1. Among the residues of the range 3-15, is there at least one that is charged (D, E, K, R) and in contact with a Cys (Cβ under 8 Å, 6 or more places away or on another chain)?
2. Need pairs with beta-carbon distance below 6 Å; first residue over 16 Å from THR12 (Cβ atoms) and in a loop (DSSP other than H, G, I, E, B) and within the range 41-55, second among the hydroxyl-bearing types (Ser, Thr, Tyr) and open to solvent by less than 10 Å² (accessible area, probe 1.4 Å); sequence gap 6+ or separate chains.
3. Could you count how many residues in the range 56-81 are assigned to a helix (DSSP H, G or I) and without any contact (Cβ under 8 Å) to a residue 60 or more places away in the chain?
4. Output the number of the condition that SER91 fails; it satisfies all remaining conditions of (1) more than 27 Å from SER11 (Cα to Cα); (2) within 16 Å of ligand 2 (Cβ to nearest atom); (3) free of Cβ contacts under 8 Å to residues at least 60 places away in the same chain; (4) not acidic (Asp, Glu).
5. Out of the residues in the range 121-140 that are farther than 16 Å from VAL177 by Cα and part of a loop (DSSP other than H, G, I, E, B), which is most open to solvent (accessible area, probe 1.4 Å)?
6. Find the helices (runs of 4 or more DSSP H) located wholly in the range 163-260 whose residues include 3 or more that are at pLDDT 95 or above and under 28 Å from ILE146 (Cα atoms), and list them.
Amino acid sequence: GKVRAPTHIISTISDDRGEEPCYAGVPMSSILEQGFGVGDIISLLWFKRSLPRYCTKFIEICIMLCADHGPCVSGAHNTIVTARAGKDLVSSLVSGLLTIGPRFGGAIDDAARYFKDAYDRGLTPYEFVESMKKKGIRVPGIGHRIKRGDNRDKRVELLQEFARTNFPSVKYMEYAVQVETYTLTKANNLVMNVDGAIGSLFLDLLAGSGMFTKPEIDEIVEIGYLNGLFVLARSIGLIGHTFDQKRLKQPLYRHPWEDVLYTK
Ligand code: ACO
Ligand code: LMR
């Protein structure tokens, strides 16, 4: 038989050796012929399968709604300061991306993990929230700097509306809504945020689409694919902020002394 030299890399998502590159076995020409969009490409390269249209549409809505949220949020602020320090596009972009984490945009995976665990174990929202409090862990996907019970995040409403109309089941999302109803009795800032909406709804997408086995869902949640949606989406805005600062020829940023409390 054939003797193969051991390889140093294993790769399963794409192949450029043939006449045309393939994503998860699908050739580029077929991607164009079938009118695939960015949601389909994410399905192929991240999940290694074609997903139904409502799933790829949902992915695209997540990307569109999270692309930017103004110049004042952590990521855009870092990118703006970096661009104004004369740095290049990639440096300005990654400077903003580096702020994405447990407090800002990067709570989607943990929201999915905690909501899934609590729902699957049959915890009531009260039991879940209070057990988190006992452990000293903030509920990922809950809370916002400026959004309030009487000034909800429109992105959350839009995602929920799409899922209620198009998903076969929204049980995890409804659970997250019950959690929010409880946290709002504690404080008006403890609304469901966009990370919580995407985290809970992606659980519904994974469980309800019939495209994933239970071990595959567990693996996706455990590895943590979902923060990737925010990283990808917000890159669009951060690149925009970089161009904006360069176009406006903004000088080096220096924070005003008056806005710092100098103390011992
Ligand atoms: N779970 C439980 N309690 C919370 C939570 C939460 N998720 N968020 C805030 N609180 C409590 C705080 O403990 C605090 O109570 P205390 O004054 O008794 O200590 C009170 O609410 C106010 O907290 P602040 O720190 O002032 O809230 P802030 O506005 O600074 O925080 C933040 C906003 C960082 C989003 C916070 O709510 C949080 O950590 N949430 C969980 C992480 C998360 O989902 N991040 C994604 C946000 S959406 C996005 O970035 C796109
Ligand atoms: C965002 O999407 O950047 C926001 O939800 C964060 C914020 O503080 O507004």
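The values are calculated or read from the model by the stated rules, or taken from the named source; none is laboratory data. All of these numbers come straight from a predicted model, not from anything done at the bench. Neighbour counts run over all protein chains shown; Cβ positions are idealised from the backbone, glycine included. All accessible areas refer to the heavy atoms of the entire protein, side chains included, with ligands and DNA or RNA removed. Shrake-Rupley method; radii C 1.70, N 1.55, O 1.52, S 1.80 Å.
1. Yes - at least one qualifying residue is present in the range 3-15.
2. From residues that are over 16 Å from THR12 (Cβ atoms) and in a loop (DSSP other than H, G, I, E, B), the pairs are LEU51/SER43.
3. 5
4. Looking at each condition in turn, SER91 falls short on (2).
5. So, considering only residues that are farther than 16 Å from VAL177 by Cα and part of a loop (DSSP other than H, G, I, E, B), the one most open to solvent (accessible area, probe 1.4 Å) is ARG138.
6. Because the criterion is at least 3 residues that are at pLDDT 95 or above and under 28 Å from ILE146 (Cα atoms), the helices (runs of 4 or more DSSP H) in the range 163-260 that meet it are 171-186, 194-208, 227-247.
Okay, residues lined up against (1) in contact (Cβ under 8 Å) with a residue 60 or more places away in the chain; (2) farther than 14 Å from ALA111 by Cβ:
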| residue | (1), (2) |
| --- | --- |
| GLY143 | no, no |
| ARG148 | no, yes |
| TYR175 | yes, no |
| VAL179 | yes, no |
| LYS186 | no, yes |
| VAL191 | no, no |
| VAL194 | yes, no |
| PRO215 | no, yes |
| TYR225 | yes, no |
